[in-house]
Amino acid sequence: MGCELGLDRELDFDKKINRFQSICSTIRKHLKKTRTDTQMKFYKVVARLTLLYGSETWVTTKQDMAGLEAAEMDFLRSVMGYTRLDKIRSKVIRK
């Protein structure tokens, strides 16, 4: 998984989000025909843990939290079959 510590926290943060998005796209691509439950298990076990590894060392801002939530909602929305144009609230998708 790897974690880079240093004065420039944004470098590690951006790498984590990029790695998270690539894992999520791999899950969507290879598990497209499987049940939603299976995709969500891979998401919880692989993608989310990769994103949060080393996160206890981050000093997060509101902008960082918004970026994390946006990356997460992008995956969840696609698994559930929604697009941003459907205007479904995040609370509904997370259930």
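Key figures for this structure:
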| quantity | calculated |
| --- | --- |
| Yes/no for Gln63 being in contact (Cβ under 8 Å) with a residue 40 or more places away in the chain and either open to solvent by 60 Å² or more (accessible area, probe 1.4 Å) or on the phi < 0 side of the Ramachandran plot (or both) | no |
| Breaking point among (1) surrounded by 11 or more Cβ atoms within 10 Å (Cβ to Cβ); (2) modelled with pLDDT of 85 or more; (3) not polar (S, T, N, Q), for Gly54 | (2) |
| Test for Lys41: is it surrounded by 11 or more Cβ atoms within 10 Å (Cβ to Cβ), at pLDDT 85 or above and either of a type in the set (D, E, K, R) or closer than 20 Å to Phe13 by Cα (or both) | yes |
| Selection count where residues are modelled with pLDDT of 80 or more, basic (Lys, Arg) and surrounded by 10 or more Cβ atoms within 10 Å (Cβ to Cβ), scope segment 81-95 | 0 |
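For (1) over 12 Å from the mean Cα position of the chain (by Cα); (2) of a type in the set (A, V, I, L, M, F, W, C), each residue gets a yes or a no:
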| site | (1), (2) |
| --- | --- |
| Ile27 | no, yes |
| His30 | yes, no |
| Gly67 | no, no |
| Leu76 | no, yes |
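The values are calculated or read from the model by the stated rules, or taken from the named source; none is laboratory data. Here the structure is a predicted model, which means the values were calculated and not measured. Note that each Cβ is placed from the backbone with ideal geometry, even for glycine, and that neighbours are counted across all protein chains shown. Only protein heavy atoms, including side chains, enter the accessible area calculation; ligands, DNA and RNA are left aside. Shrake-Rupley method; radii C 1.70, N 1.55, O 1.52, S 1.80 Å.
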